[in-house]
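Here's the structure, in structure tokens; my notes come after.
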Amino acid sequence: MEARGLEATGPAALSRRLEAPGPRYGEKAIYGLFAACAILSVLTTTAIVISLIVPSIQFFGDVPIGDFLFGTDWGPTFTPPTFGVLPIVVGTLSVTFWALLFAIPIGLGSAIYLSEYASPRVRKLVKPMLEVLAGVPTIAFGYFALIFITPQIQKIWPGHFLGGPPLIFSVLAGGLAIGLMIVPIIASISEDAMSAVPRGLREGAYALGTTKAKVATRVVFPAALSGIVASIILAVSRAIGETMVVLIAVGSTPNLTFSPVKSVQAMTAFIGTTATGDIPTGSTVYKTIFAVALLLFLMTLAMNLLSIRLVRRYRQVYE
């Protein structure tokens with residue numbers, strides 16, 4: 001009797017009681033739903049890649065890939081047409097550079113303040129307000145750059161510095177607008193990464209007599225570096241792929257220049273202005289849209305792969 005009683009209350013009996021009385025159909029349904037979502041994402045990405053590759057291969061049958069990648073004259077809709085994509089690639093990178101130059105210091109400064117200096121009450125108030133900025137339509141940022149940012153920088157620009165006062169459409173105006181748009185991405189993700197740093201690291205630094213500023217910059221910041229790098233790479237990808245801001249505020253002039261006061265054409269702006277249905281389907285100009293989109297996709301993919309590599313390299317795991 002005693003042996004049976006011990007067996008009834010032992011680990012084997014406890015395991016039997018924890019087992020489900022029947023098949024878990026609900027759990028299997030949820031598992032199937034998640035698997036379907038993952039498969040749908042993969043299929044969507046594959047379909048996008050195929051839709052870009054097929055017309056691009058046809059395009060490179062008409063235009064040599066070397067002329068496309070290294071040519072300095074861009075005018076596929078002109079007569080005669082020229083297909084050197086370098087000017088719009090430089091325009092895209094120039095706008096992205098000025099956006100990051102504005103967004104990274106402000107974003108990281110906001111993240112450090114929210115993580116290390118702000119009280120819980122202030123953090124609960126400021127962080128949602130900061131994240132709301134990411135939900136503003138991009139066309140609103142474009143007109144904000146055209147109507148407000150451009151006149152302001154034309155007023156304060158010092159004489160003929162870097163080529164004179166900015167034009168109505170300029171790289172700097174678009175870059176500042178995009179920078180304002182990606183600040184929430186850098187600030188929010190970086191703040192989450194800093195908040196995830198164990199409290200013991202901070203307390204150990206404070207016990208050694210370290211100031212709060214040094215704890216934030218020399219303890220918390222390096223410990224959260226993988227998340228911070230990921231936020232910056234994500235912001236770069238977002239800036240490279242922005243369309244409406246560059247279309248409205250930067251212009252559509254394919255100048256091969258890094259000057260912030262000149263008008264340029266970004267890759268997304270070319271796609272937006274050309275893919276309007278006014279060009280014949282199947283023509284070389286039509287296929288140019290897909291070639292530029294494929295190049296933009298590859299640039300974004302490279303940034304994501306770099307992000308994964310950097311995150312794995314600097315990731316720190318805490319017990």
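The values are calculated or read from the model by the stated rules, or taken from the named source; none is laboratory data. It should be emphasised that the depicted structure is a prediction, and the values quoted were computed from it without experimental measurement. Virtual Cβ from ideal backbone geometry, glycine too; neighbours counted across all protein chains shown.
Taking each residue of the range 218-244 that is within 22 Å of G142 (Cα to Cα) and looking for partners that are of a type in the set (F, W, Y) with beta-carbon atoms closer than 8 Å, six or more apart or interchain, yields M244/F141.
None of V245, V229, V261, V292 is assigned by TED's automatic domain parsing to the domain that holds S188 and closer than 26 Å to S115 by Cα except V229. Under the condition of being of a type outside the set (S, T, N, Q) and farther than 16 Å from I289 by Cα, which residue from the range 74-94 is surrounded by the most Cβ atoms within 10 Å (Cβ to Cβ)? So, considering only residues that are of a type outside the set (S, T, N, Q) and farther than 16 Å from I289 by Cα, the one surrounded by the most Cβ atoms within 10 Å (Cβ to Cβ) is G91. The criterion of being part of a helix (DSSP H, G or I) and surrounded by fewer than 17 Cβ atoms within 10 Å (Cβ to Cβ) holds for G204.
Free of Cβ contacts under 8 Å to residues at least 12 places away in the same chain and either under 30 Å from L256 (Cβ atoms) or of a type in the set (S, T, Y) (or both) - does that describe any residue in the range 185-202?
Kept after step one, since they are free of Cβ contacts under 8 Å to residues at least 12 places away in the same chain, are these residues of the range 185-202: 199-200.
Going one step further and asking which of them are either under 30 Å from L256 (Cβ atoms) or of a type in the set (S, T, Y) (or both), we end up with none.
No, because not a single residue in the range 185-202 is free of Cβ contacts under 8 Å to residues at least 12 places away in the same chain and either under 30 Å from L256 (Cβ atoms) or of a type in the set (S, T, Y) (or both).
Here is a yes/no grid of residues against (1) charged (D, E, K, R); (2) at pLDDT 90 or above:
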| residue | (1), (2) |
| --- | --- |
| T44 | no, yes |
| D62 | yes, no |
| G71 | no, no |
| L86 | no, yes |
| T92 | no, yes |
| A103 | no, yes |
| Y117 | no, no |
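Looking at the range 262-277, can you tell me whether even one residue there is of a type in the set (D, E, K, R), farther than 19 Å from I178 by Cβ and touching a Ser or Thr at 6+ places or on another chain (Cβ under 8 Å)?
To start, the set of residues in the range 262-277 that are of a type in the set (D, E, K, R) comprises 262.
Checking the rest, the ones that are also farther than 19 Å from I178 by Cβ come to none.
No, the range 262-277 has no match at all.
Of the listed requirements (1) closer than 19 Å to V63 by Cβ; (2) of a type in the set (A, V, I, L, M, F, W, C); (3) without any contact (Cβ under 8 Å) to a residue 60 or more places away in the chain, F290 misses just one: (3).
Evaluation of F161 against the conditions (1) among the hydrophobic types (A, V, I, L, M, F, W, C); (2) in contact (Cβ under 8 Å) with a residue 40 or more places away in the chain; (3) assigned to a loop (DSSP other than H, G, I, E, B) shows that the sole unmet condition is (2). Look at (1) under 30 Å from D67 (Cβ atoms); (2) among the aromatic types (F, W, Y); (3) surrounded by 20 or more Cβ atoms within 10 Å (Cβ to Cβ) and you find that F97 fails only one, number (3).
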